[in-house]
Amino acid sequence: MKKSIGLVSVVGFALALTACSSNDAGDDSANGSTNTNDSENKSDEVVSLTVWAMGEEGEALHSFGESFEDEHPNIELDVQAIPWDNAHDNLLTAVASGEGPDVVQLGTTWVAEFSEAGAFLDLSDYTDDFDMIGNDDFFEAALDTTEVEDQILGVPWYVDTRVLFYRSDILAEHGYESAPTNWEELKEISHTLNDRGDDMYGFDIDQNDQLVPSIFAWQNGWEYDVEAGAENFAEDSFREAMEYYHSFFDEELVQESEGVPIEQGFEEGTKPMFMSGPWMVNIINNTTEGIDGDWEVAVLPGQEKNASAIGGSHLSVFAHTDHVEESLEFLSFMSEPDTQTAWFEETNALPARQSAWDNEVLAEDEKLAVFGDQLEEAVAPPVIPEWENVAQELLSSLERVNRGNAEVDEEMDNFQQNAERRLN
Amino acid sequence: MNHRNAWTPWLFIGPAILLLLVFAILPIFVSLVISFTDIDLVGLGNWDAIEFIGLENFINLFQDPLFRQSLYNSLVYVVIGVPLVIICSFSIALLLNYATSKLFTIFRVVYYVPSVTNIVAIAVVWGFLYNQDVGLFNFVLDFFGVDPVPWLEHPFIAKLSLILLAVWKGLGINMLIYLAALQSIPNSYYEAANIDGANKLQKLRYITIPSLSYATFFVTVTTLIGWLQFFEEPFVMTGGGPLDGTMSMALFIYQEGFQYNEFGYAAAASLVLFILIIVVTMVQFTFNKSDKD
């Protein structure tokens, strides 16, 4: 239980890490310049570009980057794979010290938070030379999350979104030939499936998922207006959506306790419908048996619109980089439709660029097509630095409603006050 | 001692002192300073944006229901957890000290292993054990006709579940300290007691327990500090939920500081925790002294 020591060593380690990265960059460029004598290059010096990529992307980008290096002999990629768990801390350290990579992969929800600290280069000055910056071929919602107050702080790389996963066989057994398309149908089917027995549920809501309440609100026509601040949460469309969220718990259509992992509940049929992202397709394929062909994905049912949330990652240029030109070359390469398709084949990450979806690899897969459709109606969470805190407050409030028996309206007033405090 | 030799001790303790200064003492002072500022992520990148706001962080802190909840939770952890650890590790050490056969050696290892096992691995396994619907604990209880217990789903029971886990994990080290202390009690005391015709209970009461008073003091102080900083268990098992029922002060500090980037606010909370620990420890030292006198 030596927390303080643990924490200190984490910080120390992060510091050491950044120190190493900057040293590496120095060494590599030194090696690089000797190499140029042997090979013919336009410029005299090979520039070493440090790229931070998180999680699996980091591993895959190592080999994937070689094709970029072939095209650009004067640039050498130094990809550093950073586990997602450490990514936030590492970025903090980089911002604090001003010592960081040249290009960094950035989760869409982190843009506002870090841009406020001036961590990234504003790309809007470079739109003349690089047409991928702010290109409207990207999904609109993905572009939205790169823009903060007239600044463009990144280029979308890959996207993800939530869709409805459902057991088509179980639904068919109860007379539903297709997935629910609106709130009423979702409720009705949930009730029917819930009535199957004691340990049977109609739907599933991950109570720790910050995005779910917002998704319901967007579906109900709610839009977050940055100017209005916490007043947004007073709107009827928002309050109604929270009522709807709560009704699933109130009517016991979803399991309130932890229960079995969702893929297991899905396989057993106890939880025949849930919302999740593209990663779940592989998880279901790899961990379940005997339900191949018995499940489908569908665009989320909605009220005003069939909204979902957009997630994914951007590539951003670190503000303190010395290699702006080369960094932008790399961003440009990664956002080309062909590269995006190739990257999809390598990692299953969905292309952020719409024209990449025309490629037969993506176009012919029925399940993927659903994600493509959903992305067109996906909404980006508000790009404000306090959003994570506010969303967490909302989850806590909803938990008090679902488990603590608080009144929805009272608790939402309470939440609105907390949000007000967070937003100031 | 000539001039050259005077430096020798410094060479030995120098590295340790340097590390202590850079990674412990300095951060304490830095956090003391920033607890009076509104530093957040912006301030981290641009120091001009940092403002001194006096005691505002501390005032907000004591008005924050979540912080008060975390204070209360930490108190529950300490009041239940510390005595439990001391009693359990003392009893186990006593039992293990009875003999030195192979079986006893094996059990020493059995009790020690949790202390050196990775907390994340523990959390995964205990998460399954505690699962209300498919967990082993409720399965066994069900066999005896007991209704399922919401181990991690009820705010107060979740606190107890985490305490149980932490006690199990914390036994090893304290048991080791007690074992070492037990074995250092001179045998002549017991021989003398045997001659006087003392029974087992009397030997325990008048020889063993008094002889272990220093070990008990050490275990109490370190355990109390550890439990006031209770962090890993709620962090990996519950994230502070349900209904903030397992939120500890250390977890509150972590969430404010590293998830929400409210560094100033988190530093203020950690200063409160720091002062609390110092006060509690001072009280213990005072009591221990008056005991000796």
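See the values below:
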| read-out | value |
| --- | --- |
| Inter-chain Cβ neighbour average for residues B:241-253, partner chain, 10 Å | 3 |
| Potential extension, B:Val125-B:Ile87 segment - 0.36 nm per residue separation minus Cα distance | 11.1 nm |
| Relative frequency of Cα-Cα separations exceeding 45 Å in the protein assembly as shown, percent | 33 percent |
| Derived scalar couplings ³J(HN,Hα) [the stretch A:258-269; Karplus, 6.51 cos²θ - 1.76 cosθ + 1.60; whole Hz; x for Gly, Pro] | 4, x, 7, x, 4, 5, 6, x, 5, 5, 6, x |
| Amide hydrogen neighbours beyond the local backbone of A:Trp295, cut-off 5 Å, H modeled | A:Ser168 |
| Principal semi-axes in Å for chain A [√(5λ), Cα gyration tensor, largest first] | 41, 25, 20 |
| Relative intensity, log₁₀ I(q)/I(0), of chain B from a Debye sum that treats every alpha carbon as a point, q = 0.15, 0.16 Å⁻¹ | -1.25, -1.31 |
| Whole-number percent relative contact order across chain A, with pairs defined as alpha carbons under 8 Å at least 6 apart | 23 percent |
| Accessible solvent surface per residue of the protein assembly as shown, calculated while the other protein chains remain in place, 1.4 angstrom probe, Å² | 49 Å² |
| Set A:Lys187/B:Lys159; B:Lys169/B:Lys203; A:Lys187/A:Lys305; B:Lys102/B:Lys200; B:Lys159/B:Lys289 screened for pairs whose C-alpha atoms are more than 26 Å apart | A:Lys187/B:Lys159; B:Lys169/B:Lys203; B:Lys159/B:Lys289 |
| For chain B: relative contact order, % (alpha-carbon pairs under 8 angstrom, 6 or more apart) | 29 percent |
| Accessible surface of the stretch B:58-290 [probe 1.4 Å, protein heavy atoms]: carbon and sulfur percent | 71 percent |
| Dipole axis of the stretch B:58-290 (+1 Lys, Arg; -1 Asp, Glu on Cβ), positive-most option in B:Leu129, B:Thr208, B:Val146 | B:Thr208 |
| Shielding by other protein chains, B:224-231, mean Cβ within 10 Å | 3 |
| For chain A, built as a Gaussian network whose Cα springs stay under 10 Å, the top-fluctuating residue of A:Gly259, A:Gly55, A:Gly98 | A:Gly259 |
| Rounded FRET efficiency, nearest 0.05, which uses the C-beta distance separating A:Glu345 from B:Glu51 and R0 of 60 Å | 0.75 |
| Accessible area (Å², 1.4 Å probe, nearest 10) - B:Phe144 | 150 Å² |
| Apportionment of accessible area to carbon and sulfur, chain A, percent (1.4 Å) | 40 percent |
| At R0 = 45 Å, FRET efficiency that the Cβ-Cβ distance of A:Asp209 and B:Phe12 yields, to 0.05 | 0.25 |
| Distance-filtered residues of the stretch B:182-200 - backbone nitrogen under 19 Å, label point 7 angstrom along B:Phe218 Cα→Cβ | B:182-187 |
| Heavy-atom accessible area, 1.4 Å probe, ligands and nucleic acids excluded: residues of the stretch A:241-281 down by at least 10 Å² from chain alone | A:Gln255, A:Ser257, A:Glu258, A:Gly259, A:Val260, A:Pro261 |
| Cβ-Cβ FRET estimate between A:Asn424 and A:Glu99, R0 fixed at 41 Å, reported to 0.05 | 0.80 |
| Kirkwood Rh and Cα Rg combined as Rg/Rh, the stretch B:108-263 | 1.11 |
| Where labels lie 7 Å past Cα in the beta-carbon direction, separation of A:Asp195 and A:Ser67 in nm | 5.4 nm |
| Helical contribution to [θ] at 222 nm, DSSP H n ≥ 4, -39,500 (n - 2.57), averaged over chain B, rounded to 500 | -23000 deg cm²/dmol |
| Cα-projected label distance for A:Ser124 with A:Glu231, points at 7 Å along beta-carbon direction, nm | 2.4 nm |
| Separation in nanometres of the label points that stand 7 Å from Cα toward Cβ, at A:Glu268 and B:Ser188 | 6.6 nm |
| Å³ per residue enclosed by the Cα convex hull of the stretch A:349-403 | 128 Å³ |
| Gain on full stretching of the segment that runs from B:Ala99 to B:Val236 - 0.36 nm per residue minus C-alpha separation | 45.5 nm |
| Interface size B-A, as summed buried accessible area [1.4 Å probe, Å², nearest 100] | 2600 Å² |
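The values are calculated or read from the model by the stated rules, or taken from the named source; none is laboratory data. In this text the structure is predicted, and so the values were computed from the model without any measurement. Positions of Cβ are generated from backbone atoms using ideal geometry, with glycine treated the same way; all protein chains shown enter the neighbour counts. To get the accessible areas, we keep the full protein, side chains included, count just its heavy atoms, and leave off ligands, DNA and RNA. Shrake-Rupley method; radii C 1.70, N 1.55, O 1.52, S 1.80 Å.
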